[in-house]
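The values are calculated or read from the model by the stated rules, or taken from the named source; none is laboratory data. All figures in this text were calculated on a predicted structure; none of them were measured in a lab. Reconstructed Cβ throughout: ideal geometry from the backbone, glycine too, with neighbour counts over all protein chains shown. Accessible surface areas use protein heavy atoms only, side chains included; no ligands, DNA or RNA. Shrake-Rupley method; radii C 1.70, N 1.55, O 1.52, S 1.80 Å.
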Amino acid sequence: MYTQSLTGAWQFRQAGGVDAEGGPAHDWLPGQVPGGVHTDLMAAGRIPDPFVADNEKRVQWVAESDWEYRRSFSADAALLAHDRVLLVCDGLDTLATVTLNGQILGRTDNMFRRYEWDVKPLLAAGENELRIVFASPVRFASEHQAARPMKGVSQAIPGGPHLRKAPCQWGWDWGPMLPPIGVWKDIRLEGQSTARIAEVHLRQAHDAGRVEVLAEVSAEQWAAGPLAATLRVTAPDGSVSEATAACAPVANLRVAIAAPQLWWPNGYGDQPLYDVEVVLSAGDATLERRTYRIGLRTIELRQEPDEWGKSWQFVVNGVPIFAKGSNWIPADSFPTRISDAYLEGLIRSAAESHQNMLRVWGGGLYEEERFYDYCDRYGILVWQEFMFSCSIYPLDEPAYVENVRAEAVENIRRIRHRASLCLWCGNNEMEWGWWGWGWNTPELQGLKAAYDQFFHHTLRAWVAEEDPDTAYWPSSPSSDVPFEDPNSEVQGDSHYWEVWHGRKPFTAYRETYPRFQSEFGFQSLPPLPTIKTYAEPADWNMTSYIMEHHQRNFSGNGLMIGQMTDTFRMPKDFPALVYLSMLLQAEGIRYGVEHWRRFPERVAGTLIWQLNDCWPVASWSSLDYFGRWKALHYAARKFYAPVLLSIADRGGAPAEGIREPWLLTPADWGATLGLHVTNDLTEAWQGTVRWSLETLGGELLEKGHYDVAVPALSARKIAELNFARKLAEPDIDRRAVALWAELWQGERLLARQCATFAPNKHLALADPRLNVTVEAQDGALAIDVAASSTARFVELALADADVVFSDNYFDVPAGKTVRVTCPLPAGWTLDDARAALRVQSLYDSYA
C-alpha cells in the first residue's frame, strides 16, 4: 500500500453569495487541515478568540454559515501505479459534500465515521483539485428540530440529537455553543493492489498463567492469487513471536507469549506493552501492514449477589479493583488544536493523582488513538460510552439507526484491542431521563420503545458480536433493569447530584452507599491566572456579566456562594473568593470519596465529575482548561492514595460512653471521631497511626497511637476517639482545638489529616506568621513552610509560571514545618523562584 497525505495547507472561504459583478462574494483564505473554520478564521484575524469575554456570542454566525475548503495536488506516480486509489477521510465534521475534479464523490452526515471513495478513475496525471463544502450544522439542526422536536439539554443550541455530532459542541452546562466545522482528522490517498486488510480482531486467551494472542484477519480481494497473513508480536524485551497462515479470505492466527508480563491499572502493577504487527502479503509482496500495541490482561465486570444486593466491580487479572478516577470530556471545544504534550499532560496528571479510570462520557467524542495510547501507557482504565447524552434521539428512524450502526461498528473495531478498555456503555443519563425527568409522557411512548429496543437489545448485540470480551452496560446510571430506579444503591452504577443541584450539605454524601459512584461533583472557579485570560479586573465579581457568561450552569455561582457561607467566612476580595471556591470544591469531594473508600466491600469505585475543561470556565473540573491543578486535584492525590488515612465524624449522634446524652448540647455531638485506614494494595499493610488533640496555638491536650495492620484490598476502622468531656472543660474553646492524625510507616510520614470541632468559618485562627524558605535540591525547589499557629489550606504558587507542587492546599500544625518540592522553571534562578513565590492560608482569605 502507498499513502499520500493531503493534510497541511488548504484554502477556505464562506460559501454562497455573489459580489456586485456576479462572482463569489468571499475570498479564499489560508486554512489548515486537520483544522476547522473557527481556528482558521482566528488565524486569519477575521474573528476574535471566542473564549475571551463574551466573544462566543459574536461568532455564532460561523456555525450558521456554509463553508468550502479546497486543495490542489498532483498524484504521486507510485500512487497511480496501484490497482485502486482511495480517498480516505478519517473525520469530516459534519455535513460535507466531497468533490474531486468537479465530480461529487459523496456526502457525509456523521463526524464519528471514516469515509472513503475509489478515486482512481477521476485522478489526472497532473494537477487535481479536491473540494469539500460543509453545510451549516446549526441550520440542519434547527430545520429538523422544527419538523420534529427532540428533548435535549437546556444550555445548548436546540436540535443537536438529529445530527451525529459531539453533543457537547452544541453547548452544555460547562461548555460554549461553538459547533466546529471542518476536516478534523487525517485525510489521505491510499494506493492498493490485489487485496487489502478488511478487518483485524485481536483477542487474548489466558489459562493458568499462559497467554496466547489471537488474530482473526479478514481480507478484501479483487485480483486472483493466494494471500497470506502474518501475526508478529514483539515483547517489551524485544523478543519476537510470529505465526503465518493462508488468508482465503480469513486467517486465524495464534501466538503463544513466552513469560507473559501482565498489564495492570495504575497503582496495581506495571503497564508492559507488546507491539503487534499484522501483515497481508501475496507471495513476496507486502500488500498492507497494520500495527497495534496491546497489554496482556483480563478484565471483567463482576456482578454477584451480596448482602446489599448485587456487586458492580471491575476485576483485572483476577484482582478486584477499586476504581478511582474522573469523567473525561473533550479537552478543547476545537479538538484539532489539542497538542500531544497537552493531552499527555492531562492523562499523566490523572495518573499522578493515583487515578486508574477515566469515563469517556457520552456527550463528547470517541477519542483519537493518542488518547488511548496514553491511557494504555499510564494504566488508566477507559469506560467508553457511545455518543448519546441527556437527550431523546430519533432512534425510530431506520436511516438514523443504520448511520449509528456504521459508527458503532467502526469505533468498536478501532478501540477493542486496547489494554485500557474496560466497558462499553450505551449512553449518559438517558434512562434516568425516561425514569425521572418527565420524558415518560403518552406522546413519547414510541420513542421510549425505540430507546428500549436500541440500548437494551440492538446496541448490546452489536457489541457482543464485535467485542465479546468487553462488558456492555446500557446506560449510566442504570440498575440494569430497564426504566427502574437507575440510581439504585442495590445494583448498578449511580450518579449523585443532590449536593450540587439539590443544595444538600457535603455531609449528605455520607448517607449514600452506591455500588459504584460514576458521577458526582461540585464546582469551583478556575485559578486566577485562567480567569485573567477571559475577564478584565473590572469584571472580577461573581455576578458580573462576564463571570456569569463563563458559568454555564444555571445559578452555579450562587450555589458556590451558598455552600461557601456554610463553610468559610466571606472572602475579603475576589482573589480570596477564587481561592475559597477551590478549597470548597476540594473539601466537598474529599468528604464523599473518603466516606465511600471506607466501605470497599460495598462501594467499588468513584468517578469525579469532571477531570478537565474544554474552555476557561467555572466548572466541576479538577484540571482547568490550561491543565492547571486546582485544589481538588491536589486533594485527589491524597484521597486517592493507595493507603488512605481518613477521619470520620459522627455528625449528630451522641458520643458513645456518655450515659446522659441529653445533658450535652448539639454542638457536643460531633466530638466523636473515627480513625480509618483504607488499603488498596494487593498485599497487607502495616504501620502506625499517631494522633494528638491540640489547640490551634500548638498546646498538646491529649495524644496516642495505634499499631495498624490492614489486609489487602480492604478498609479498617482503627479507633473511635471521644472528646466530648475534654471539649466540655471550661477552659477549652472548641473553636480553637483540632485533632491531628498521622499515618506512619516506619520513619516515613505518609499522610496527615486535620479535623476540627467547629466549621472552618468559626475557627479561632490566628495569624500563622508563615515562615517560608526556598532552597535548590537536585535541580528542583525545596520549600519549607513553618507556622507559629495552625495554618489551614496553605496555597503555594509561582507568579508567571505553572508548576505542580508535591503538595498544595495543605495544613501546617503549630510549631511544625512542612516541606514541599516542585520543578525549577526552565531558565529560572533560585533568586527568581524566591521572588516569584506566593503563599497564603485560610486566615489570609478574610484577615
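General observations
- Residue in the stretch 116-138 that is polar (S, T, N, Q) and under 32 Å from the mean Cα position of the chain (by Cα) present: yes
- Pairing residues of the stretch 402-414 that are more than 11 Å from Leu459 (Cα to Cα) and touching a residue at least 24 places away in the same chain (Cβ under 8 Å) with residues that are buried (at least 16 other Cβ atoms within 10 Å of the Cβ) and of a type in the set (S, T, N, Q), at Cβ distances under 8 Å and at least 6 apart in sequence or on separate chains, gives Asn403/Asn110; Ala406/Asn110; Glu407/Asn110.
- Among the candidates Glu242, Glu304, Glu277, the residue that is surrounded by 15 or more Cβ atoms within 10 Å (Cβ to Cβ), in contact with a Ser or Thr (Cβ under 9 Å, 6 or more places away or on another chain) and of a type in the set (Asp, Glu) is uniquely Glu277.
- Test for Arg405: is it open to solvent by 40 Å² or more (accessible area, probe 1.4 Å), at pLDDT 95 or above, closer than 25 Å to Arg113 by Cα and not aliphatic (A, V, I, L, M): yes
- Top-ranked residue of the stretch 799-835 - restricted to ones that are open to solvent by less than 10 Å² (accessible area, probe 1.4 Å) and within 33 Å of the chain's Cα centre (by Cα), ranked as farthest from Ala738 (Cα to Cα): Ala833
- The condition of being hydrophobic (A, V, I, L, M, F, W, C), at pLDDT 95 or above and over 27 Å from Ala618 (Cα atoms) holds for only one of Ala77, Ala43, that being Ala77.
- Residues of the stretch 110-126 satisfying the condition of being open to solvent by 30 Å² or more (accessible area, probe 1.4 Å) and part of a strand (DSSP E or B): Glu116, Trp117, Asp118
- Unique residue being hydrophobic (A, V, I, L, M, F, W, C) and out of contact with any helix residue (DSSP H, G or I) (no Cβ under 9 Å at 6 or more places or on another chain) when the list is Val85, Val52, Val62: Val52
- The listed residues are Pro468, Pro482, and the only one of them that is open to solvent by 20 Å² or more (accessible area, probe 1.4 Å) and touching a His at 6+ places or on another chain (Cβ under 9 Å) turns out to be Pro482.
- Selected residue (only one of Arg418, Arg503, Arg515 is open to solvent by 30 Å² or more (accessible area, probe 1.4 Å) and touching a Gly at 6+ places or on another chain (Cβ under 9 Å)): Arg503
- Complete set of residues in the stretch 592-618 that are in a helix (DSSP H, G or I) and within 21 Å of the chain's Cα centre (by Cα): Gly592, Val593, Glu594, Trp596, Arg597
- If you go through the stretch 555-580 and keep only what is surrounded by 20 or more Cβ atoms within 10 Å (Cβ to Cβ), more than 27 Å from the chain's Cα centre (by Cα) and among the hydrophobic types (A, V, I, L, M, F, W, C), you end up with just Phe568.
- When Thr286 is tested against (1) more than 24 Å from the chain's Cα centre (by Cα); (2) assigned to a helix (DSSP H, G or I), just one condition goes unmet, and that condition is (2).
- Selection status of Arg370, under 25 Å from Asp469 (Cα atoms), basic (Lys, Arg), touching a helix residue (DSSP H, G or I) at 6+ places or on another chain (Cβ under 8 Å) and touching a residue at least 40 places away in the same chain (Cβ under 8 Å): no
- Residue in the stretch 488-499 that is surrounded by fewer than 17 Cβ atoms within 10 Å (Cβ to Cβ), in contact (Cβ under 8 Å) with a residue 40 or more places away in the chain and not β-branched (Val, Ile, Thr) present: no
- Restricting attention to the stretch 734-759, the residues being open to solvent by less than 70 Å² (accessible area, probe 1.4 Å), outside any loop (DSSP other than H, G, I, E, B) and either in contact with a helix residue (DSSP H, G or I) (Cβ under 6 Å, 6 or more places away or on another chain) or without any contact (Cβ under 8 Å) to a residue 40 or more places away in the chain (or both) number 3.
- Filter result for Arg337 (open to solvent by 20 Å² or more (accessible area, probe 1.4 Å), over 30 Å from Arg590 (Cα atoms) and in contact (Cβ under 8 Å) with a residue 60 or more places away in the chain): yes
- Filtering the stretch 717-733 to residues that are touching a residue at least 40 places away in the same chain (Cβ under 8 Å) and not basic (Lys, Arg) leaves Ile718, Ala719, Glu720, Leu721, Asn722, Phe723, Ala724, Leu727, Ala728.
- Given (1) in a helix (DSSP H, G or I); (2) open to solvent by 50 Å² or more (accessible area, probe 1.4 Å); (3) basic (Lys, Arg), number of the condition Lys448 does not satisfy: (2)
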